[in-house]
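Enquirer: Below is a structure I'd like to ask you about.
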Amino acid sequence: MTSSVSDNKFHFSFWRLTLFYVVIFITFTVLLSRLVTLQVIEGETWTDQAVENFTRAISVPASRGIIYDRNGYILARNDASYNVVIVPANLPDDDADIQRIYREVSAITGVPVNSGTLEEAKLFAECVEGPGITQLVELGDSLAPYSAVKVKCNVSQDVARLVSERTMDWPGVSIEIEPMRDYPTGSLTANVVGFLGPIPANLEDEYRNLGFVPRRDKVGYSGVELSLQDVLSGRNGRRVVQVDVAGKEIRNIQAPVSAIPGSNIVLTIDTRLQAAAEAALLGEINFWNTYFGEVRISSGVVIAINPQNGEILAMVTYPTYENNRMARFIPAYYYEQLSQDPRHPLLNNAISGEYPPGSVFKLSTANGALNEGVVTINQVIDTPGQLVLTEKFSPSDPGLERPFVDWIYDDNPDGFGQLTFKYCIAYSSNVCFYKLGGGTASLAQGNREEIPEGLNIQPLYEYARALGYAQPSGIELPGEGNGLIPSPQWKRINKGENWSTGDTYIASVGQGYVLATPLQVIMSGATMANDGKLMQPTIVHEIIDENSKVVEKWFNSEDFTITNAPTDLDVSYQISPSIPNLKWDITETPVIKDYDCEGGYCEETGEYKTVDPFVVRSIQEGMRLAVTDSQGTLYKIFSDFPVAVAGKTGTAEYCDDVALANNRCQYGAWPTHSWTLAYAPYEDPEVVIAAFLYNGGEGASVAGPVVGLVMDAYFEIKSIDIARGVEGN
Amino acid sequence: MIRGLSWRHFDFWLLGAVVLATAFGVAMIRSAIAGNEELLLTVSRQTQFALIGLGVIFLIAAIDYKYWLALYRPMYLVMMILLIMIYISAQPQFGAARWFQVAGLFIQPTELAKIVIILILARYFEKTQNEPKDLRWLISSIVWVGGLTMWILLQPNLSNVIVIGVIWAMMVWQNGVQVRTIVILAFLAALIGLTAILIPEPYSPLEEYQRARVFTFLFPDPNASYGATYNVLQALVAIGSGGFWGQGYGHGTQTQLRFLKVRHTDFIFSAVSEEFGMIGGVVIVVVLVFIILRCLRAARLARDVSGSMIAYGVAVLIFFQGAVNIGVNVNLIPVSGLPLPFISYGGSGLLSLMLGIGLVESVVLRHRQLEF
């Protein structure tokens, strides 16, 4: 029995069994060595990858600062926009339940349950209508099931409330509140406030380094939204969290850095005056356009400024745009329409538009002529209806006779007759200023000895510059124009022609090549009103940080940066808290290059000079006479005004692309822009108002009434404020 | 048969190792749930199966394995019917029909089939022990195995066909197949395998997913991090980030944050390696090797050919499945879907292995006919 058992026993072949042991040994040795490689040698690399798997940095959006007007009226704020969202991972398990939810959500939002295919849904950007709920959720589920899928954006508050009430019945469906910029004053202040847009692709890296999230965060595109972007935007917070494979947040890995909300900004604008100015401008434009039965006046600007501190009280441009339409996204058709409009509604024409200033520019000529002794204060100047000049392009040029007509010529060919300096300003006599600017030496007829040496172009340039022309003002608004005061050199380079006496004549009355922005025009007026002190024009009253504290901020007008301390003293000025920034006082600061002129040719002496305060006073008196003298250009508008007003009008001939295209540049009958500049009270000016109407015609009769209405509104608002016990502007 | 049974030779070392591995598996499955509600029941289910399996070990050990061999005909027939049924009637799950759903549980006859095939082969080699080990002998054994295996191949379940093929080959090897025959067969197998892979659809005998697996292993796409290589990559990250000591039980980020997929079954070794580090991996390997060696000890002690072959077959089964599973986890071989013996979640697999261990115990209990 025992033997038979042992006979049946299996005898393993030694080498065959040993081979199996060897195989086992080798196999597990290989596996274990692989384990050592992965865990010990490559361990760190794999650990890094594991950390990368579960680490996610989340940017916490900072709320953008609010923009107020000087009285605390909100010009830009953050409104809540409601989106209906579905978090795929939070939907119920049961398909029937999901279908019920989809149907009910569809009924409320109007988004179809099914529309298109999943592939088509991938082509749609967020918030763009097209794909059905099923497709949107399916797509979101495959990408990040714990991230909210926007089913319908910007629903009404009613819909948002309905959805919120049903959250118990609709697991996974919720309302997402997205901040959206809201501009209560809309187009009224759009040119100043500006609008927001997505971070441009070429600046993505730059903004990302500053903690912004492209495609989520928006940045300023124009107005103070752009120029004060750094202050308004605040700083995004940052959380580093652990997430699971579905993207669900588990916990904070690092201490979260909370977002710093953007600072609030108080502008110098008074919305009430802004509204009044807009109404006055639009009323005037509509009146004349209706009167002529065509769109005669296509655009216009009104600015009001406090000459003592440079604060802009109102800055209205027409046409402008509705910045609320850009709040969610910039509609392509609307943007296209705006950018192709020849009137440039997207630009703030108050600072970007460059126009011939016409007679308002005579303030520069007057300053120079009296200060340089071209004319004395009581000298009587003969001002016929027109002058005939022998125009020479070089000293040896025999010259051609060319008439220079005064604006009064059509009504009275004899002109103003005998005028003293102040009356030249009050009546705005072109002939007088031709003589002051270019002298009488080259006249074909008349007394050549009257003013043997005029101011000449180079000194005129200096005096114009001293009043703020031919340079950007440095205001905290983007897109400022330089303006232009021509020089002989400029003409040779740009026109290929020598400077002539006639050019000086034309430039003396602010025409020809002279270009200025409305802001420069009002600055020249403000400087005269403020006894020669040119204040830095500013749109920012103060900046209030997240702790409701007014912070000290300086603005560098060259690179548009905002700093906590002055950077470059030449271009950096304090914008908050509000203080008057003196750029220079022409009666004290030597900013005017001295020239030695003879026979129309000038050479620098290398010295700088100031303007005699007497000159400034005389010009102020001339501007006052424009109101008080019955022949003054502003007599009709301001003679009855309860407050003493002084001012200057301008009717600037122009011939730009638009006029050329309409064949309106006829000799002697060029179209004209209408300007008026006025300030009040005369004794202690607190407001300067300028109006410009493109193709408006005569300054006094078109721009004048606009300034009159705004002046009226200014003192009306002031009296209301005083009555309410609020400190006036 | 049970009366007068002496438990003196019962291999408690083997039982201990199996219990240790299974308990560790249950603990690891508990960690691998990682908050997934659908997996919540797996721990209690696996525990139930483990306890039942423990009973099965003792029950099967108590019964002389010779009785099973005597019942080889009905056993073979019932197994074949089960496999045919699963081929015909089962609904597709995860791309392949491999389960019977009975009372909410998935029963996988294929797992049982592997034990049955070990028994069938054991009987065959005992019967033919004195016959020449020629081609006829070899082909007969293939026919026996093939009768059951073809239905598994049709499921299709290539991994288990390979497991069965390896068991068969290793048994044939120990029973003295000639080296020349092996070379011829290996050449043929390689030829068939290559053509299967290279022949394009729809003529290929391989399913698309099987070809895809082979291809992703051979030519991984470096850009396809969320594609087919995702699971394997996440497994490597899990293992690698475990380091020497591991991140601690329940603290492996890959496992707990569910970056590691099928972490309670196919990739449980990665979960272990992440949470218990290299120490955990080595312990698993050591326990598995210990179980295999104890089974081989039983094979050497067995009183007859069939006993040796049963114990040997079970050893090969555990070795091959374990090695392949770990090999997949450390990305040395393509994804196969074979579980890690005793550790991976899966009732049928665990029960079948327990059954196998019971048979080994039955062999070792009776390795001497008479006790004095």
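Enquirer: Can you tell me which residue among A:G194, A:G130, A:G186 is at pLDDT 90 or above, farther than 19 Å from A:D97 by Cβ and either in contact with a Leu (Cβ under 7 Å, 6 or more places away or on another chain) or open to solvent by 30 Å² or more (accessible area, probe 1.4 Å) (or both)?
Expert: Every option except A:G194 fails the conditions.
Residue-wise test of (1) open to solvent by 30 Å² or more (accessible area, probe 1.4 Å); (2) at pLDDT 95 or above.
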site	(1), (2)
A:Q631	yes, no
A:L634	no, no
A:V658	yes, no
A:H673	no, no
A:P681	no, no
A:V688	no, yes
A:N695	no, no
A:E698	yes, no
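Enquirer: Looking at A:A89, is it among the aliphatic types (A, V, I, L, M) and either outside any helix (DSSP H, G or I) or open to solvent by 10 Å² or more (accessible area, probe 1.4 Å) (or both)?
Expert: The answer is yes for A:A89.
Enquirer: Within segment A:277-291, can one find any residue that is under 30 Å from A:I579 (Cβ atoms) and modelled with pLDDT of 95 or more?
Expert: Yes: one or more hits.
Enquirer: Further, regarding this structure: Going by what's in this entry, would A:E44 be described as closer than 30 Å to A:D217 by Cα, within 11 Å of another protein chain (Cβ to nearest Cβ), of a type in the set (D, E, K, R) and open to solvent by 30 Å² or more (accessible area, probe 1.4 Å)?
Expert: no
Enquirer: Under the condition of being basic (K, R) and not in a strand (DSSP E or B), which residue from segment A:227-277 is farthest from A:K549 (Cα to Cα)?
Expert: Among residues in segment A:227-277 that are basic (K, R) and not in a strand (DSSP E or B), the one farthest from A:K549 (Cα to Cα) is A:K248.
Enquirer: Go through (1) assigned to a strand (DSSP E or B); (2) open to solvent by 10 Å² or more (accessible area, probe 1.4 Å) for A:R328 and report which single condition fails.
Expert: Condition not satisfied by A:R328: (1).
Enquirer: Please pick out the residue among A:G606, A:G525 that is under 21 Å from A:E372 (Cα atoms) and either open to solvent by 50 Å² or more (accessible area, probe 1.4 Å) or free of Cβ contacts under 8 Å to residues at least 12 places away in the same chain (or both).
Expert: Going through A:G606, A:G525 in turn, the sole match is A:G606.
Enquirer: Also, quick follow-up: Condition (residue is open to solvent by 30 Å² or more (accessible area, probe 1.4 Å) and at the interface with chain A (Cβ under 9 Å from one of its Cβ atoms)) applied to segment B:331-350: is it met by at least one residue?
Expert: yes
Enquirer: Out of all the residues in segment B:260-283, which are open to solvent by 10 Å² or more (accessible area, probe 1.4 Å), at the interface with chain A (Cβ under 9 Å from one of its Cβ atoms) and assigned to a loop (DSSP other than H, G, I, E, B)?
Expert: B:K261
Enquirer: Among the residues of segment A:11-43, write down those that are of a type in the set (G, A, S) and within 21 Å of B:L288 (Cβ to Cβ).
Expert: Scanning segment A:11-43 gives a single hit, A:S33.
Enquirer: Also, quick follow-up: For B:L138, are the conditions met, namely being more than 14 Å from every other protein chain (Cβ to nearest Cβ) and in contact (Cβ under 8 Å) with a residue 60 or more places away in the chain?
Expert: no
Enquirer: Run A:N498 past the list (1) without any contact (Cβ under 8 Å) to a residue 60 or more places away in the chain; (2) surrounded by fewer than 19 Cβ atoms within 10 Å (Cβ to Cβ) and report the number of the one that doesn't hold.
Expert: Going through the list (1) without any contact (Cβ under 8 Å) to a residue 60 or more places away in the chain; (2) surrounded by fewer than 19 Cβ atoms within 10 Å (Cβ to Cβ), A:N498 breaks only (1).
Enquirer: Cβ-Cβ distance below 9 Å, separation of 6 or more or different chains: which pairs start in segment B:289-312 with a residue that is more than 21 Å from A:V30 (Cβ to Cβ) and at the interface with chain A (Cβ under 7 Å from one of its Cβ atoms) and end on one that is open to solvent by 30 Å² or more (accessible area, probe 1.4 Å) and aromatic (F, W, Y)?
Expert: Sorted first by the residue in segment B:289-312, then by its partner, the pairs are B:R300/A:F12; B:S308/A:F12.
Enquirer: Given the criteria touching a residue at least 12 places away in the same chain (Cβ under 8 Å), within 26 Å of A:G699 (Cβ to Cβ) and in contact with a Phe, Trp or Tyr (Cβ under 9 Å, 6 or more places away or on another chain), does A:Y573 qualify?
Expert: no
Enquirer: Can you tell me which residue is nearest to the chain's Cα centre (by Cα) among those in segment A:31-41 that are more than 15 Å from B:Q254 (Cβ to Cβ) and within 7 Å of chain B (Cβ to nearest Cβ)?
Expert: Only one residue tops the list, namely A:V40.
Enquirer: Out of all the residues in segment B:284-315, which are open to solvent by less than 10 Å² (accessible area, probe 1.4 Å) and under 18 Å from B:L340 (Cβ atoms)?
Expert: Those that are open to solvent by less than 10 Å² (accessible area, probe 1.4 Å) and under 18 Å from B:L340 (Cβ atoms): B:I284, B:V285, B:L288, B:I291, B:I292, B:C295, B:V314, B:A315.
The values are calculated or read from the model by the stated rules, or taken from the named source; none is laboratory data. Computed from a predicted model, the values in this text were never measured in an experiment. Here Cβ is always computed from backbone atoms with ideal geometry, including for glycine, and neighbour counts include all displayed protein chains. Ligands, DNA and RNA are excluded from the accessible area calculation, which covers all protein heavy atoms including side chains. Shrake-Rupley method; radii C 1.70, N 1.55, O 1.52, S 1.80 Å.
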